[in-house]
Amino acid sequence: MPPTQKHLQTSISRTGKDYAELHNWIDDPELKTARHDFTKIWEFGAAIKAKYGAEGLQEYIEHLREDMDVKLMKIWGKDATTRDEALDYYGIRRKGRDYSLDMADIKMLQDAGMSAEDLDHSLKVAGRALDIARRVVSGSGAQVDLELVGRGALFHDLGKAKTHAIEHGLLGAEMGKALGLPDTINVIMEKHIRGGLTAAEATELGLPVKDYTLHKLEERIIIYADRLVDIIYDGLVKVDSAADAELRFENILSNEIKYGKNDITRERYFGYHREIQGLMGTPPQ
Ligand SMILES: [Fe+2]
Ligand SMILES: [Fe+2]
């Protein structure tokens, strides 16, 4: 994926729109140097705001921020304290700011050998999971770790870089550990298969018997988003929109064996659906 494409994906995760025209304009091969010049923000910013509105202007600044982030991470590498202080000071990675996907994480998936199709799925799950997480926060005031939701969703299928078999969860967790990802993310890869297996199911599928329960709300949001993304994009069931998939979720799982699998799996997904919809409060738009 060329660098410009990553900006499109992070824009989608923040706003639901890719702002492709704007990002392509910023990264114009001939003019990109001037368009990344911080002293020109005032001049370009006014024109961008006139054309794309305040959200577009914000996305232009996010584009510059993301590029700074990638470059500074390259320069500072492992000197973590100096790096984090400076990134916080300049607002490149402000602590506590609303989370958006990290360009370096997307690159890590590509470097691990993930196919373009699987990466596309992962980005869609991350965008959907973050959308749901924000609606949970505004609907219920629940504490949700947006970074864990975004990164956990982005990495949940890391193991697919090696296999699409059911072991991709287990393998992904091992790969994550080797890459130095936090355990909170590695367990999501391990547990996401069928939304958290019981001991009996693990035995039946030939997977190690352990606790696959999704203890954290963040984990349940990711698994719910993963199911929704399959429903929305597989084309197996016709849905009009993401909202439509949420509204008809139980019906679709009851009628489509691919999604519902069996009684135990289906009931588990129903549980996440009911809990999360309850927390979001208002019906999907
Ligand atoms: Fe998966
Ligand atoms: Fe998935």
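Under the condition of being part of a helix (DSSP H, G or I) and hydroxyl-bearing (Ser, Thr, Tyr), which residue from segment 50-95 is nearest to LYS107 (Cα to Cα)?
Filtering segment 50-95 for residues that are part of a helix (DSSP H, G or I) and hydroxyl-bearing (Ser, Thr, Tyr), the one nearest to LYS107 (Cα to Cα) comes out as TYR60.
Looking at segment 121-164 only, could you name the residues that are within 11 Å of ligand 2 (Cβ to nearest atom) and more than 15 Å from ARG14 (Cβ to Cβ)?
HIS121, SER122, VAL125, PHE155, HIS156, ASP157, LEU158, GLY159, LYS160, HIS164
Name the single residue, out of those in segment 182-215 being among the aliphatic types (A, V, I, L, M) and more than 16 Å from ligand 2 (Cβ to nearest atom), that is farthest from GLY150 (Cα to Cα). It would help to see each step written out before you state the result.
Of the residues in segment 182-215, the ones among the aliphatic types (A, V, I, L, M) are 185, 187-189, 193, 197, 199-200, 202, 205, 207, 209, 214.
If we keep only those that are more than 16 Å from ligand 2 (Cβ to nearest atom) as well, we get 199-200, 202, 205, 207, 209.
Values: ALA199: 28, ALA200: 30, ALA202: 27, LEU205: 28, LEU207: 26, VAL209: 27 Å.
The extreme case among them is ALA200.
Inside segment 224-246, can you point out the residues that are under 19 Å from GLY278 (Cα atoms) and either surrounded by fewer than 16 Cβ atoms within 10 Å (Cβ to Cβ) or among the charged types (D, E, K, R) (or both)?
Passing the criteria: ASP226, ARG227, ALA243, ASP244, GLU246.
Pull out all pairs, ordered by first then second residue, where Cβ-Cβ is under 9 Å, the residues are six or more apart or on different chains, the first lies in segment 242-257 and is assigned by TED's automatic domain parsing to the domain that holds ALA129, and the second is of a type in the set (Gly, Ala, Ser).
What qualifies is ILE252/ALA245; ILE252/GLY260; LEU253/GLY260; SER254/GLY260.
Tally up the residues in segment 141-187 that are of a type outside the set (Gly, Ala, Ser) and in a helix (DSSP H, G or I), please.
Initial filter on segment 141-187 (of a type outside the set (Gly, Ala, Ser)): 143-149, 151, 154-158, 160, 162-164, 166-168, 170-171, 174-175, 177, 179, 181-187.
Of the ones still in play, those that are also in a helix (DSSP H, G or I) are 146-149, 151, 154-155, 158, 160, 168, 170-171, 174-175, 177, 179, 183-187.
Here the count works out to 21.
Could you please find all residues in segment 114-150 being over 28 Å from LEU247 (Cβ atoms) and within 16 Å of ligand 1 (Cβ to nearest atom)?
The answer is MET114, SER115, LEU119.
Out of segment 248-274, which residues are aromatic (Phe, Trp, Tyr) and crowded, with 19+ Cβ neighbours inside 10 Å? Can you show your working first?
Going through segment 248-274, the residues aromatic (Phe, Trp, Tyr) turn out to be 249, 259, 269-270, 272.
Of everything in segment 248-274, those that are aromatic (Phe, Trp, Tyr) and crowded, with 19+ Cβ neighbours inside 10 Å turn out to be PHE249, TYR259, TYR269, TYR272.
May I ask you to say which residue of LEU154, LEU158, LEU119, LEU101 is within 13 Å of the chain's Cα centre (by Cα), aliphatic (A, V, I, L, M), buried (at least 22 other Cβ atoms within 10 Å of the Cβ) and over 21 Å from THR213 (Cα atoms)?
So the residue among LEU154, LEU158, LEU119, LEU101 that is within 13 Å of the chain's Cα centre (by Cα), aliphatic (A, V, I, L, M), buried (at least 22 other Cβ atoms within 10 Å of the Cβ) and over 21 Å from THR213 (Cα atoms) is LEU101.
The values are calculated or read from the model by the stated rules, or taken from the named source; none is laboratory data. Please read these numbers as outputs of a predicted model, since none were measured by experiment. Quick reminder, even Gly has a Cβ in these numbers, built from the backbone with ideal geometry, and neighbours come from all protein chains shown.
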